[in-house]
Amino acid sequence: MQLNQAQVEDFAQNGFLVIQDFYDAADIMAVQKGIHAIIGAVMARHGMADTRPAFSAATFDAGYMDLIAANRGWGGEVYDLVKEIPAFNRLIAHASHEELMRQLRPGAVPGLAAGGSGIRIDNPNEDKFRAMWHQEYPAQLKSPDGLVFWSPLVKVTPDLGPVMFCPGSHREGPLAVCHADPENAGRSGAYALRLAGEDKLLARYQQVAPLSAPGDLVILDFLVLHASGYNRSERPRWSMQFRYYNLANPTGQSHGWKGSFAAGIDFRSIHPELFQD
Ligand SMILES: O=C(O)CCC(=O)C(=O)O
Ligand SMILES: [Fe+2]
């Protein structure tokens, strides 16, 4: 995987980059097949009749909306199980991720953040689990020059709520966060954090929400401001995230490349200056 000069400059300028048709269709379909099997297994476990069509890439998640309509907690079972799909785990460490990191972060020594990979299921109208505007760094730590590799498993149209970005905002450097207002009570870990002075900060930037499709890759700088969109469709927005850090980064070196919430660490113990009461 060789990026061209325009892509490298685009990423440096905007803090994110969309690459169409990046992954092999077969690799993506293997993950979708895994999800299809897990939905079937969870339905069977709860005695639900399986009337789904045979697997196809377009309808791999059939039955999931029925499952969560019957019991929202059964969706949580699917959410935990999909991380254990072997084909998903093969993609996490895809050799091209290291190559991309070497091109976008010259001199970097790529590391794969433990617990930093997952499959999001953004259900229609479930705004409680949206990621508010954030930088990845406080939520993940490891190194501030890390990269998120984000890839959809469904075609992301405007009604599915594509991820929103503030182009160029990564050049702010690490920004302070505070606890979310009471409106967002019930959120925990990184989800309970909000950017300090969010309104003023966001007012300085344009917001874009690029569309994508299965096989596409969106690369995010750990410092670019981004937020989940609002899913107003009738289908979950399924997406994969793989997070890499740079072992050669001096800030990471100074705190021992600690992880954040996923590693059971409160980032405030590492970066007290990035928290405002
Ligand atoms: O997919 C989303 O809604 C949010 C993604 C995100 O914040 C991330 O991948 O770091
Ligand atoms: Fe994020």
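The values are calculated or read from the model by the stated rules, or taken from the named source; none is laboratory data. Note that this is a predicted model, so its numbers are computed, not measured. Here the Cβ positions follow ideal geometry from the backbone for every residue, glycine too, while neighbour counts run over all protein chains shown.
Table: residues versus (1) under 14 Å from the mean Cα position of the chain (by Cα); (2) within 16 Å of ligand 2 (Cβ to nearest atom); (3) on the phi < 0 side of the Ramachandran plot; (4) in a loop (DSSP other than H, G, I, E, B).
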| position | (1), (2), (3), (4) |
| --- | --- |
| R187 | no, yes, yes, yes |
| A190 | yes, yes, yes, no |
| D199 | no, no, yes, no |
| P210 | no, yes, yes, yes |
| P214 | no, no, yes, yes |
| L220 | yes, yes, yes, no |
| V224 | yes, yes, yes, yes |
| G229 | yes, yes, yes, yes |
| S233 | no, no, yes, yes |
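For segment 12-56, enumerate the residues that are within 30 Å of V224 (Cβ to Cβ), assigned to a helix (DSSP H, G or I) and of a type in the set (A, V, I, L, M).
To start, the set of residues in segment 12-56 that are within 30 Å of V224 (Cβ to Cβ) comprises 12-25, 27-32, 34-35.
From the residues that got through so far, the ones that are assigned to a helix (DSSP H, G or I) too are 12-14, 25, 27-32, 34-35.
Listed by number, the residues that qualify are A12, A25, I28, M29, A30, V31, I35.
Can you name the number of the only condition in (1) surrounded by fewer than 18 Cβ atoms within 10 Å (Cβ to Cβ); (2) within 11 Å of ligand 1 (Cβ to nearest atom); (3) among the polar types (S, T, N, Q) that Q140 fails?
Result: Q140 fails condition (1) only.
Only helices (runs of 4 or more DSSP H) wholly contained in segment 65-177 count here; list those with 3 or more residues that are within 16 Å of ligand 2 (Cβ to nearest atom) and in the same structural domain as L17 (by TED's automatic domain parsing). Full working, then the answer.
Working: elements: 72-82, 86-92, 95-104, 136-140.
Those helices (runs of 4 or more DSSP H) span 136-140.
Among the candidates V156, V177, single out the residue that is within 15 Å of ligand 1 (Cβ to nearest atom) and out of contact with any helix residue (DSSP H, G or I) (no Cβ under 8 Å at 6 or more places or on another chain).
Going through V156, V177 in turn, the sole match is V156.
So for segment 196-210 (the condition being within 14 Å of W150 (Cβ to Cβ), in the same structural domain as F16 (by TED's automatic domain parsing), within 14 Å of ligand 1 (Cβ to nearest atom) and not basic (K, R)), does at least one residue qualify?
Yes: segment 196-210 contains one or more residues that are within 14 Å of W150 (Cβ to Cβ), in the same structural domain as F16 (by TED's automatic domain parsing), within 14 Å of ligand 1 (Cβ to nearest atom) and not basic (K, R).
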